[in-house]
Amino acid sequence: MLGPVAAGLAGTLIPAFGYLPAAGLTEWSLDPFRSLLEWPGLVPAMRLSITTGLLATMLSLAAVTLLFAGWSGTRAFRLLERLLSPLLSVPHAAMAFGLAFLIAPSGWISRALSPWVTGWERPPDLLIVQDGWGLAMVAGLVAKEMPFLMLMGLAAMGQADATRRMRVAQAAGYGRVTGWLKTVFPAIYAQIRLPVYVVLAYSMSVVDVALILGPSTPPPLSVQVVRWMADPDLAMRLTASAAAMVQLGLVVAALLLWRCGEWAVARIGLAWIARGGRGRSADQLLRPLGVVAGGFSALTVLGGIACLAVWSLAGFWGFPDALPQGLDLRSWARHGPSAWGSAGDTALIAAISTGLALFLVIGCLETEYRRGRALTQAGLWLVYLPLVVPQIAFLPGLQTLFLTFGLTAGMVPVITAHLVFVLPYVFLSLGDPWRAWEPQNGVVARALGTSPAGVLWRIRLPMLIRPILTATAVGIAVSVGQYLPTLLAGGGRVATLTTEAVALASGGDRRAIGVYGVAQTMAAMIPFAAALLIPTLLWRNRRGMHG
């Protein structure tokens, strides 16, 4: 992971100082930074990147914390867990389109309330989507990042001994929420700190969600970098590199600020714990807030997908009708052939990049098992590195590196770029189940004369088929949702469902967007359904293998 990120950062840093031999520029200078400073939208773009990133991360973490504190271990929590977990696979672009279709002045919510509540006979002139403060973008990021943090929190719960801590807290008379925050949250946060940093870095530098939900004049800095990268004037590529370095600096500064905030919250929390307040009355307010937060994420994503599906089948649908006058397949007949073409490239890229990631991850985990050496904290940071470093900071450099090796465009650079982002998620999905496998199974097999390779192929892999398929589904979903790596590494010549869907954003054809959004969601969710179905069929006569 260090190699492509370091090479990409170097490939972005060098042009930022005016050195780009491919364009005939061989003199070092600060002109790219001067050009960047002359852009009048720089300060608002930087402000948007910082405020939307920090606000989305704080709200996501607060919502997940309230949900865990108020409801973990209950039937309602298990229901929300079942609802939120599959939503992790929904691509960011599809979620953003769905949210836009829900909250726009002519969206589903406005239609459902008009005219009997609002009195509107036509869409109001309100700037809700792409608002200047980026609030719609923040809402979309919160809805999408909550499932990710929730899954990370669930994995951390087992290591934090949360049940015993809560029993002790409740025996001492603490309220449910207060007891959880004082006894469990510190242990949980220590486990999910890296995923929180990933959410912060991603929220500050995301491009596809910002193109759909974020403001356009000026846009967040990461979006402007992509625009400069696509400019036919090669000099603008230098300005884009300088802006990418500024974006990296903003993310590093935000991470440092967040780290200072952690220290401050820890000091305040220690004083709060020392005061000994039981906080039993707080449960009445905070527990409903937790359900509202979890329900917001689930309803936003599920409602958005439903809205995309209806638009893909809608005939005439005038405002303020809540539903179209008829449903037909004309939009699928019109846009389906091109969508299927993009779906083929999407599937090919996802299959190869996920297959390579599985091969590398299983090799790494098996080596870890045979040598008896667990992954260190430094190693975990290396795995997370492509997720913490903003994509926009090193992908332009990685593209330059590909050009240096003659990979001008096409599938190979795109698959390589996808592999950089798929591998960490596959590793995180498969790591814990692989390490939790009972080693006595291997000892028994070795005692019966099975070689180490035989233990792997004939014992371990079949027993771990369910987590392997789940990790495969996660990898495919990550690959399907990649926008910036496909756009930059492919030179704009590789069309996937995600790049085509985002390209439709400027056109405003809701039926076409609905078709591509539904196709994109299906491409990400079908592997998850297969991951549930295949082990059930394979082990239908072996109850013990159902885990």
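The values are calculated or read from the model by the stated rules, or taken from the named source; none is laboratory data. If you're wondering where the values come from, they're calculated on a predicted model, not measured in any experiment. Note that each Cβ is placed from the backbone with ideal geometry, even for glycine, and that neighbours are counted across all protein chains shown. Note: accessible area is taken over every heavy atom of the protein model, side chains too, but ligands, DNA and RNA are not part of it. Shrake-Rupley method; radii C 1.70, N 1.55, O 1.52, S 1.80 Å.
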* Subtract the Cα-Cα distance of Arg47 and Arg278 from 0.36 nm times their separation in residues, and report this length gain in nm to one decimal. => 79.2 nm
* What's the FRET efficiency of Arg540 with Arg167 using the Cβ-Cβ distance as r and R₀ = 56 Å, to the nearest 0.05? -> 0.90
* On the protein heavy atoms, probe 1.4 angstrom, tell me the percent of accessible surface of the chain carried by carbon and sulfur. => 67 percent
* For the chain, just say rounded, prolate or oblate: build the C-alpha gyration tensor, square-root its eigenvalues into a ≥ b ≥ c, call rounded for a/c under 1.5, and beyond that prolate if a/b exceeds b/c, oblate if not. => rounded
* Largest first, how would Ser281, Ser451, Ser114 line up by accessible area (1.4 Å probe)? -> Ser281, Ser451, Ser114
* State which stretch of the chain is the longest one without any exposed GluC sites (Glu not before Pro), exposure meaning a DSSP loop state and at most 14 other Cβ atoms within 10 Å. => 122-547
* Shape call, the stretch 145-286: gyration tensor on alpha carbons, a/c limit 1.5 -> prolate
* Would you mind pulling out the separation of the Cα centroids of the stretch 102-158 and the stretch 493-511, in Å? => 21 Å
* Rounded if a/c is under 1.5, else prolate if a/b is larger than b/c, else oblate: which is the stretch 114-210, with a ≥ b ≥ c the root eigenvalues of its Cα gyration tensor? -> oblate
* Structure fact -> In nm, the gap between the two label points placed 7 Å beyond Cα toward Cβ at Ser451 and Leu532 is 4.0 nm
* Structure fact -> Expected field for Lys182, accessible surface area in Å² at 1.4 Å probe radius, rounded to 10, holds 20 Å²
* To do: Let me have the 222 nm mean residue ellipticity of the chain computed from DSSP H runs of 4+ only, each contributing -39500 (n - 2.57), with the sum over all residues rounded to the nearest 500.
  => -24500 deg cm²/dmol
